[in-house]
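Asker: Pasting in a structure now, in structure tokens, and then I'll have a few things to ask.
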Amino acid sequence: MVALLFAAGAAVTPVPAFTATDLTSGTRAVCRPAGADARLTLAFTHSMYGGRVFEEYAATRSGDLRRMSVTTENPAAAEYYAYYGATIRDGTRFRVVVPVEEIAQVVVRVDRVGDQRLTLGGEEVDLLAAAGAGHQVRLAVEPVALGRRLLGSC
């Protein structure tokens, strides 16, 4: 009986999850675990300079997104994001020297030109296919009951 109560309690205990919510339709496009080592990467084509930009985020204990890094394929796009022009060549990309920043959410306007995609745990999600052109998608860390997440109804 105690084990059953423990299991029931664990099923309703909230755990952090990376979410992508389509604000236009109100549906959740993505819900994935946001454990200690989990990362969410938003990739998109820079609208002014071209080339892919990669913003990597981790979940904080307080439920925010912590920006861990910004890299890009295009040096001009890197300079666009750089504080005081601080960029470092990192293989085929340019790493932008940015302070770690914690934010509650990132809102992305999805379109064909931007080709916005998320990578979570090795899985890539095409936001255009998941939400639709012109839709706004909110990226966040949200508490989700473990039982709901295991059942896929995040």
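The values are calculated or read from the model by the stated rules, or taken from the named source; none is laboratory data. Here the structure is a predicted model, which means the values were calculated and not measured. With ideal geometry, Cβ positions are generated from the backbone for all residues, glycine too; neighbour counts draw on all protein chains shown.
Asker: Within the stretch 68-80, is there a residue that is modelled with pLDDT of 90 or more, in contact with a strand residue (DSSP E or B) (Cβ under 8 Å, 6 or more places away or on another chain) and among the small types (Gly, Ala, Ser)?
Answerer: yes
Asker: Would you mind telling me which numbered condition in (1) modelled with pLDDT of 95 or more; (2) over 19 Å from the mean Cα position of the chain (by Cα); (3) among the small types (Gly, Ala, Ser) residue 8 fails?
Answerer: Residue 8 satisfies every listed condition except (1).
Asker: Would you check if there is a residue in the stretch 137-153 being assigned to a loop (DSSP other than H, G, I, E, B) and in contact (Cβ under 8 Å) with a residue 12 or more places away in the chain?
Answerer: no
Asker: Ok, one more. Scan the stretch 88-136 for residues that are touching a residue at least 60 places away in the same chain (Cβ under 8 Å), part of a strand (DSSP E or B) and over 17 Å from residue 47 (Cβ atoms) and report the count.
Answerer: Looking only at that region, the number is 5.
Asker: Just to verify a result, which residue in the stretch 93-111, among those that are modelled with pLDDT under 95, surrounded by 18 or more Cβ atoms within 10 Å (Cβ to Cβ) and of a type outside the set (Lys, Arg), is farthest from the chain's Cα centre (by Cα)?
Answerer: 94
Asker: A follow-up question, please. Kindly establish whether residue 24 is among the β-branched types (Val, Ile, Thr) and out of contact with any His (no Cβ under 8 Å at 6 or more places or on another chain).
Answerer: So residue 24 fails the test.
Asker: Follow-up question, since we're still on this one. Could you identify the single residue in 65, 40, 23 that is modelled with pLDDT of 95 or more, over 13 Å from the mean Cα position of the chain (by Cα) and of a type in the set (A, V, I, L, M)?
Answerer: Exactly one residue qualifies, and that residue is 23.
Asker: Being aliphatic (A, V, I, L, M), touching a residue at least 60 places away in the same chain (Cβ under 8 Å) and either surrounded by fewer than 16 Cβ atoms within 10 Å (Cβ to Cβ) or not in a strand (DSSP E or B) (or both) is the requirement here; does residue 38 meet it?
Answerer: Considered against the rule, which asks whether it is aliphatic (A, V, I, L, M), touching a residue at least 60 places away in the same chain (Cβ under 8 Å) and either surrounded by fewer than 16 Cβ atoms within 10 Å (Cβ to Cβ) or not in a strand (DSSP E or B) (or both), residue 38 comes out as yes.
Asker: If you don't mind, another one. Restricting the search to the stretch 53-86, which residues are part of a strand (DSSP E or B), more than 16 Å from residue 99 (Cβ to Cβ) and in contact (Cβ under 8 Å) with a residue 40 or more places away in the chain?
Answerer: 59
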